[in-house]
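Notes follow the structure.
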Amino acid sequence: VSDPTVDQAASHRGKITLGAVVFAGLICLDVLEYIVAQTAQQVLVWMALLAVPQAALIAVFYMHVRQLRGGDR
Amino acid sequence: MAAGVRELGQIETAEYRLRRNRLGLWLFIASESFLFAAIISARFYLLGTQRSEDLSQPLGLLISLVLLTSSLTAYRAETSAAHDDVRGFVRNTAATITLGLVFMGGVALEFREGLEAFPPDTLYGTAFFSLVGLHAFHVLTGLVALAAVLWVGRDGRFGSADYWPVEGVVKYWHFVDVAWVFIFPTLYLVK
């Protein structure tokens, strides 16, 4: 039988790690967006291609949009 | 038996209330998204991909990174509240507020330069001050809401059993971040 306290601590650690990974992805995309803006042509298309994944990462992992489909906490 | 049924009823009611709250917040966020989308569309309609060279792109990137970092601390604050970690909740909420204030400082700097370079009665000034001003107002209300949950929850009022106020405020804060993810390239990077 698993210990609920240990399970909760592991779940907490897992979520914190996931948050850090998503954050790293967001930072990379944001910096990439800046670099592309300095170098590329057709910047508007690139900006859209880089901004949408950032918004999606935040909506899915930080805002838990999937909860709307009935998923619990 | 009757007590058991009542308890079950209360659990169902609490879950229903939580889902209703979430749906209401998401509808609010959707309506706010339309508002931001309308102003971003107006910017492109009026100016195409023109942008002012007076805006500091490095400063824009810096405040973007600050706001993204505040999303991480807000996420950690919510996760801490959900796992009965009061200290983590207080620490991360305070960090989020601090980062939000730093972001507002950066926006104030941009406003000061913007007022000289492209006054609000010019086309670019209208787009810039409408969009950044509206966003800054949302950041400000988010900061007030964060301060309120920090004050109420500082002694452990929010825990795994019920942390909806924290969840709601943090979701709103993330929305403010999502809005900026589109505003930053729209005003600072597009050419």
Query raised in the report: Which of the residues spanning the stretch A:17-54 are closer than 25 Å to B:Ala81 by Cβ and surrounded by fewer than 17 Cβ atoms within 10 Å (Cβ to Cβ)?
Result: A:Thr17, A:Leu18, A:Ala20, A:Val21, A:Ala24, A:Gly25, A:Ile27
Report task. Go through (1) over 23 Å from B:Arg87 (Cβ atoms); (2) modelled with pLDDT under 90; (3) within 14 Å of chain A (Cβ to nearest Cβ) one by one and return the number of the condition B:Val178 breaks. Result -> (2)
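Would you mind stating whether B:Ala179 is within 22 Å of A:Asp30 (Cβ to Cβ), free of Cβ contacts under 8 Å to residues at least 40 places away in the same chain, touching a helix residue (DSSP H, G or I) at 6+ places or on another chain (Cβ under 7 Å) and small (Gly, Ala, Ser)?
Here the answer is no, as B:Ala179 does not meet what is asked.
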Requested in this report: Identify the residue in the stretch B:84-102 that is free of Cβ contacts under 8 Å to residues at least 24 places away in the same chain and within 30 Å of A:Pro4 (Cβ to Cβ) and, among all such residues, is nearest to the other protein chains (Cβ to nearest Cβ).
Outcome: B:Asp85
Requested in this report: Search the stretch B:116-174 for residues being touching a Pro at 6+ places or on another chain (Cβ under 7 Å) and of a type in the set (Phe, Trp, Tyr), and hand back the single one that is farthest from the other protein chains (Cβ to nearest Cβ).
Outcome: B:Phe129
**Report entry** Scope the stretch A:56-73; condition crowded, with 19+ Cβ neighbours inside 10 Å and in a helix (DSSP H, G or I); matching residues
**Finding:** A:Leu57, A:Ile58, A:Phe61, A:Tyr62
Report task. Examine the stretch A:31-50 for a residue that is assigned to a helix (DSSP H, G or I) and under 22 Å from B:Tyr163 (Cβ atoms), and state whether such a residue exists. Result -> no
Requested in this report: Identify all residues within the stretch B:64-83 that are in contact (Cβ under 8 Å) with a residue 24 or more places away in the chain and facing chain A (nearest Cβ under 8 Å); write none if there are none.
Outcome: B:Ser64, B:Leu68, B:Thr69, B:Ser71, B:Ala74, B:Tyr75, B:Ala82, B:His83
Query raised in the report: Does the stretch B:95-109 include one or more residues that are modelled with pLDDT under 95 and surrounded by 16 or more Cβ atoms within 10 Å (Cβ to Cβ)?
Result: no
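Out of everything in the stretch B:156-172 that is aromatic (Phe, Trp, Tyr) and under 25 Å from B:Ala30 (Cβ atoms), what residue ends up being farthest from the chain's Cα centre (by Cα)?
Selected residue: B:Tyr163.
Across the stretch B:144-178, what is the total count of residues that are within 30 Å of A:Val36 (Cα to Cα) and either assigned to a loop (DSSP other than H, G, I, E, B) or touching an Asp or Glu at 6+ places or on another chain (Cβ under 8 Å) (or both)?
Final tally of qualifying residues: 1.
The values are calculated or read from the model by the stated rules, or taken from the named source; none is laboratory data. Computed from a predicted model, the values in this text were never measured in an experiment. No Cβ is skipped: glycine too gets one built from the backbone with ideal geometry, and neighbour counts run over all protein chains shown.
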